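No lab work stands behind these numbers, since they all come straight from the coordinates. Source: prediction; values computed, not measured.
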Amino acid sequence: MPTVKTQFRDNALLVGLEKPEKRNAMDEQMVEELHSVLDGAMRGEPRVLVLHSLVENVFVSGADIGELLHRDADSAMRSINAGLLEKLERFRWPTIAVIDGYALGGGCELAMACDFRLASTRARFGQPELDLGILAGAGGNWRLPQLVGISMARRLLYTGEIIDAEKALSVGLIDDVYPPEELMNSAMNLVETISRRSWRALELTKLSLGVNRHPTTTFDIIAQALLFESDDKKARMQAFLDRKAKKDH
């Protein structure tokens, strides 16, 4: 079954994530489907891309730990998740992440790769990767400091603290907070505002804003490759899966 579903609405391309059995955990299937959507949209008519969840009370709960447990250095060098987020960041026109629930690990990184982040009051954000023996290798190590500053980024990355929407707004991680029932309409209002502009000017402005970005992704890929081979990573991820299995039963 597909995990990514698309819909055109006015000047928006709605990209919905739907993998309820794993709370939208990003696996290779979802990554490949998102690549396909982005490739097709880049060749299409100008539209604002709106990334959202079709699963209640979750945006993306993180990467699929069952897959990550078995990924090795070669997998890391393929930059499976980081490569997708690089492509999302380079999408020709503006992008909006609509976050109604948990955005953890790779989910938070996915949201940060978008131009705007609109959240509901029940949204939650965090980067728990270090607890699993890996790092936030899909952009968290550099997108997070850009948004919230180095001090807050250290706090979130080093401690794995999960913050609510109001805190995320106050530190600059997200742009606005709305009641859940108003969230998508607010995103569509932003789409309407953006789409009154010149599409070509929007595209060139986005290119201009990205010119001075620090190229840190290469280091993240190499560091993740080292961590993916470690016994510590394997033990921590197996313990996570064991706790989850016990909780589910």
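Tabulated values for the structure
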| item | result |
| --- | --- |
| Global geometry of segment 100-213, whether rounded, prolate or oblate, following the gyration tensor of its Cα atoms and the 1.5 cut on a/c | oblate |
| Residue among F125, F219, F59 with the largest mean-square fluctuation in a Gaussian network model of the chain, springs linking Cα atoms under 10 Å | F219 |
| Residue of E203, E89, E109 that the Gaussian network model of the chain assigns the largest fluctuation, springs spanning Cα pairs under 10 Å | E203 |
| Anisotropy class of segment 4-195 from Cα gyration tensor, a/c 1.5 cut | oblate |
| Cα shape, segment 28-90, gyration tensor, a/c 1.5 rule | oblate |
